[in-house]
1. Using helices alone, I'd like the mean residue ellipticity at 222 nm for the chain: each DSSP H run of four-plus residues gives -39500 (n - 2.57), total over residue count, nearest 500.
2. Lys and Arg at +1, Asp and Glu at -1: add these up for the other residues within a Cβ distance under 9 Å of Leu20 and post the number.
3. Taking the chain as the reference, fit the longest principal axis to its C-alpha atoms, fit the long axis of helix 59-76 to the helix C-alpha atoms, and give the angle between the two in degrees, 0 to 90, nearest 10.
4. Match the structure shown to one of the listed values [x] 34, 16, 11; [y] 26, 18, 13; [z] 21, 18, 12 of semi-axes √(5λ) of the Cα gyration tensor in Å, computed from it, and give that label.
5. Take the alpha-carbon positions of segment 1-63, form their convex hull, and give its projected area averaged over all directions (one quarter of the hull surface) in nm².
6. Expressed in nm to one decimal, what extension gain is obtained for the pair Asp98 and Ala2 from 0.36 nm per residue of sequence separation less their Cα-Cα distance?
7. Would you mind calculating the gained length between Glu61 and Leu20 on full extension (0.36 nm times residue separation, minus the Cα-Cα distance), in nm to one decimal?
8. Going by alpha carbons, how many degrees (0 to 90, nearest 10) lie between the helix axis of 103-113 and the longest principal axis of the chain?
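The values are calculated or read from the model by the stated rules, or taken from the named source; none is laboratory data. Nothing here was measured: the structure is a model prediction, and the numbers come from that model. Note that each Cβ is placed from the backbone with ideal geometry, even for glycine, and that neighbours are counted across all protein chains shown. Remember, those area values only see protein heavy atoms, side chains included, never the ligands or the DNA or RNA. Shrake-Rupley method; radii C 1.70, N 1.55, O 1.52, S 1.80 Å.
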Amino acid sequence: MAIAEQVITDRYALYLGDCLEVMPTLPADAIYLSVYSPPFAGLYVYSSSERDLSNCGSYEEFFTHYEFVVRELHRLTMPGRHTAVHCMDVPSGNTGCDVLRDFPGDIIRLHARLGFDYCARYHVW
């Protein structure tokens, strides 16, 4: 079942479910604002499911999978409206000698490649 729970009012709608199952069921240009935090490119693994964005074999594999989400967000987002993504720089590995990857920048570039316009990056403590 795509949607486990939902709340729909005249002002907003909330859905609990797998985003890759729920988003295709929604009409195009239906979203004014989306706010979400993607799994940080494998930094945290939330399940062993191969469908889970957090369960990826590499940084590149994460972005291949994540592209499906961003494509649907672009289809769903009304022109001129916004998508806000919570993210941070992520380590390149788990050795203790790793460098940081510009995960926010890579997310911005993916969104831009798929049709979104970049408007701002905010740093939150």
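1. Theoretical 222 nm ellipticity from helices: -8000 deg cm²/dmol.
2. In short, -2.
3. Here the helix axis deviates by roughly 20 degrees.
4. Step by step, semi-axes √(5λ) of the Cα gyration tensor in Å for this structure corresponds to label [y].
5. The orientation-averaged projected area of the Cα hull of segment 1-63 comes to 5.3 nm².
6. Stretched fully, the Asp98-Ala2 segment lengthens by 30.8 nm.
7. Gain on extension, Glu61 to Leu20, equals 13.1 nm.
8. Between helix and principal axis, roughly 50 degrees.
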